[in-house]
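Novice: A single structure is presented below for examination.
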């Protein structure tokens, strides 16, 4: 008998990280640990593509900063940098007001009404970032997150001939040496579709597989995407055009970010914007709560309509019972009395 893959009673808040959940770039604690001038690092990174082009090389801007971190390691300026250090530096990341508590509070929004609990509606949080996954995993928000998509490094790369070796030796003094995963502003949309189709929950589902809307774990209309700016336009568009919600945040201390978000709204890229202040009195949590409730209400309505349309009425006796005859007579008598008058 045919059946759908998922019940589709899950809502997803998908979050960018830098400048959305935190006011600075997440790599700041890493630079402080190694005594690296952060401004110089980013200035160099931004000019890498131009300088390599003069040498006849074409450099993808999306991997420039990852490559430059590896160059700093090879040059000895960040000697010994490994994934454990990245994880440890994550603990030093400072979040915007209200975080990480708001992530748990937002999950409670999907349980605030009895009908939401009746249909077992839940909310999940996902982070999709061009930053570093080990640092996010080491941060204070990690326990509240259901999945992380971000860049990763490989330590101790496998050497030529490794398939023929029975045992592989590992260097105790591990350093990051290769790029393992790249998430850029375009591949963020792939992560959204992995969450949408449920590949993160069921590895048998390939993100490129064709799936009917009713078979996807979290339909796009059940997704809220929250980020900070123009670099997230591809993701804003995928979610907004698919019937989901898109919301931008800005640093309340930076008027330029406010103006940037307003341009996104005026150009139709987002549904709304507000300050990166996640305390419950702020307009941003209020907007998110409102739209979580709207999604919950639609899920409830859709599921109850489906029950009503698929559940047939129970069979009835063809001959009325004495009680039913009495009820029918009582209904006819007022009509007859009115007619006689």
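Novice: Can you report the number of residues in region 243-256 which are free of Cβ contacts under 8 Å to residues at least 60 places away in the same chain and surrounded by 16 or more Cβ atoms within 10 Å (Cβ to Cβ)?
Specialist: Total meeting the criteria: 7.
Novice: Something else about it: Against the condition touching a strand residue (DSSP E or B) at 6+ places or on another chain (Cβ under 9 Å), within 24 Å of residue 279 (Cα to Cα), part of a strand (DSSP E or B) and in contact (Cβ under 8 Å) with a residue 40 or more places away in the chain, how does residue 127 come out, does it pass? Working first, answer last.
Specialist: Working: touching a strand residue (DSSP E or B) at 6+ places or on another chain (Cβ under 9 Å): yes; within 24 Å of residue 279 (Cα to Cα): yes; part of a strand (DSSP E or B): yes; in contact (Cβ under 8 Å) with a residue 40 or more places away in the chain: yes.
For residue 127, the condition - touching a strand residue (DSSP E or B) at 6+ places or on another chain (Cβ under 9 Å), within 24 Å of residue 279 (Cα to Cα), part of a strand (DSSP E or B) and in contact (Cβ under 8 Å) with a residue 40 or more places away in the chain - is met.
Novice: Take the residues in region 266-286 that are closer than 15 Å to residue 228 by Cβ and either loosely packed, with under 15 Cβ neighbours inside 10 Å or touching a residue at least 40 places away in the same chain (Cβ under 8 Å) (or both), then tell me which one is farthest from the chain's Cα centre (by Cα).
Specialist: Here the residue is 277.
Novice: Can you tell me which residue in region 21-38 is nearest to residue 80 (Cα to Cα), limited to those that are in contact with a helix residue (DSSP H, G or I) (Cβ under 8 Å, 6 or more places away or on another chain) and in a loop (DSSP other than H, G, I, E, B)?
Specialist: Among residues in region 21-38 that are in contact with a helix residue (DSSP H, G or I) (Cβ under 8 Å, 6 or more places away or on another chain) and in a loop (DSSP other than H, G, I, E, B), the one nearest to residue 80 (Cα to Cα) is 36.
Novice: Regarding residue 231, is this residue in contact with a strand residue (DSSP E or B) (Cβ under 9 Å, 6 or more places away or on another chain), under 30 Å from residue 194 (Cβ atoms) and at pLDDT below 95? Break it down stepwise before answering.
Specialist: Working: in contact with a strand residue (DSSP E or B) (Cβ under 9 Å, 6 or more places away or on another chain): yes; under 30 Å from residue 194 (Cβ atoms): yes; at pLDDT below 95: yes.
Yes.
Novice: Restricted to region 253-302, and to residues that are assigned to a loop (DSSP other than H, G, I, E, B) and in contact with a strand residue (DSSP E or B) (Cβ under 8 Å, 6 or more places away or on another chain), which residue is nearest to residue 97 (Cα to Cα)? Walk me through how you get there before you give the answer.
Specialist: Keep residues of region 253-302 that are assigned to a loop (DSSP other than H, G, I, E, B), which gives 253-254, 267-271, 276-282.
Now restrict to residues that are in contact with a strand residue (DSSP E or B) (Cβ under 8 Å, 6 or more places away or on another chain): 269-271, 276, 282.
Details: 269: 26, 270: 23, 271: 23, 276: 8, 282: 10 Å.
So the residue we want is 276.
Novice: Another one. Restricting the search to region 48-68, which residues are over 21 Å from residue 81 (Cβ atoms) and either modelled with pLDDT of 90 or more or surrounded by 15 or more Cβ atoms within 10 Å (Cβ to Cβ) (or both)? Don't jump to the end; show me each part of the working.
Specialist: Of the residues in region 48-68, the ones over 21 Å from residue 81 (Cβ atoms) are 49-61.
49, 50, 51, 52, 53, 54, 55, 56, 57, 58, 59 - these are the residues of region 48-68 that are over 21 Å from residue 81 (Cβ atoms) and either modelled with pLDDT of 90 or more or surrounded by 15 or more Cβ atoms within 10 Å (Cβ to Cβ) (or both).
Novice: Return yes when residue 110 is in contact with a strand residue (DSSP E or B) (Cβ under 8 Å, 6 or more places away or on another chain), buried (at least 18 other Cβ atoms within 10 Å of the Cβ) and under 30 Å from residue 6 (Cβ atoms) and no when it is not. Please lay out each step first, then the result.
Specialist: Working: in contact with a strand residue (DSSP E or B) (Cβ under 8 Å, 6 or more places away or on another chain): yes; buried (at least 18 other Cβ atoms within 10 Å of the Cβ): yes; under 30 Å from residue 6 (Cβ atoms): yes.
So residue 110 fits the description; yes.
Novice: What tally of residues in region 179-231 results from selecting those that are assigned to a helix (DSSP H, G or I), in contact with a helix residue (DSSP H, G or I) (Cβ under 9 Å, 6 or more places away or on another chain), touching a residue at least 40 places away in the same chain (Cβ under 8 Å) and farther than 26 Å from residue 248 by Cβ?
Specialist: Total satisfying the criteria: 1.
Novice: Can you find, within region 69-82, the residue that is nearest to residue 42 (Cα to Cα) among those that are loosely packed, with under 15 Cβ neighbours inside 10 Å and without any contact (Cβ under 8 Å) to a residue 60 or more places away in the chain? Steps first, please.
Specialist: Pass one, region 69-82, residues loosely packed, with under 15 Cβ neighbours inside 10 Å: 71, 74-77, 79-80.
In the following step, the residues that additionally are without any contact (Cβ under 8 Å) to a residue 60 or more places away in the chain were identified as 71, 74-77.
Working: 71: 13, 74: 18, 75: 17, 76: 18, 77: 15 Å.
Of everything passing the filter in region 69-82, 71 is nearest to residue 42 (Cα to Cα).
Novice: In addition: Do we have any residue at all in region 142-153 that's within 29 Å of residue 26 (Cα to Cα) and more than 17 Å from the chain's Cα centre (by Cα)? Give the steps one after another, and end with the answer.
Specialist: At the first step, the residues of region 142-153 found to be within 29 Å of residue 26 (Cα to Cα) are 142-153.
Keeping just the survivors that are more than 17 Å from the chain's Cα centre (by Cα) gives 152-153.
So far as region 142-153 goes, yes, one or more of its residues are within 29 Å of residue 26 (Cα to Cα) and more than 17 Å from the chain's Cα centre (by Cα).
Novice: Looking only at residues that are touching a helix residue (DSSP H, G or I) at 6+ places or on another chain (Cβ under 7 Å) and assigned to a helix (DSSP H, G or I) in region 110-124, which one is nearest to residue 13 (Cα to Cα)?
Specialist: Ranking the qualifying residues of region 110-124, first place goes to 116.
Novice: How about region 79-97: which of its residues are touching a helix residue (DSSP H, G or I) at 6+ places or on another chain (Cβ under 7 Å), more than 13 Å from residue 139 (Cα to Cα) and not in a helix (DSSP H, G or I)? Give the derivation first.
Specialist: First pass over region 79-97, keeping only residues touching a helix residue (DSSP H, G or I) at 6+ places or on another chain (Cβ under 7 Å): 79, 81, 83, 86-87, 89-90, 92-93.
From what is left, the residues that are more than 13 Å from residue 139 (Cα to Cα) are 79, 81, 83.
79, 81, listed by residue number.
The values are calculated or read from the model by the stated rules, or taken from the named source; none is laboratory data. Keep in mind it's a predicted model, so treat the numbers as computed, not measured. When we count neighbours, we look across all protein chains shown, and the Cβ atoms used for this are built from the backbone with ideal geometry, even at glycine.
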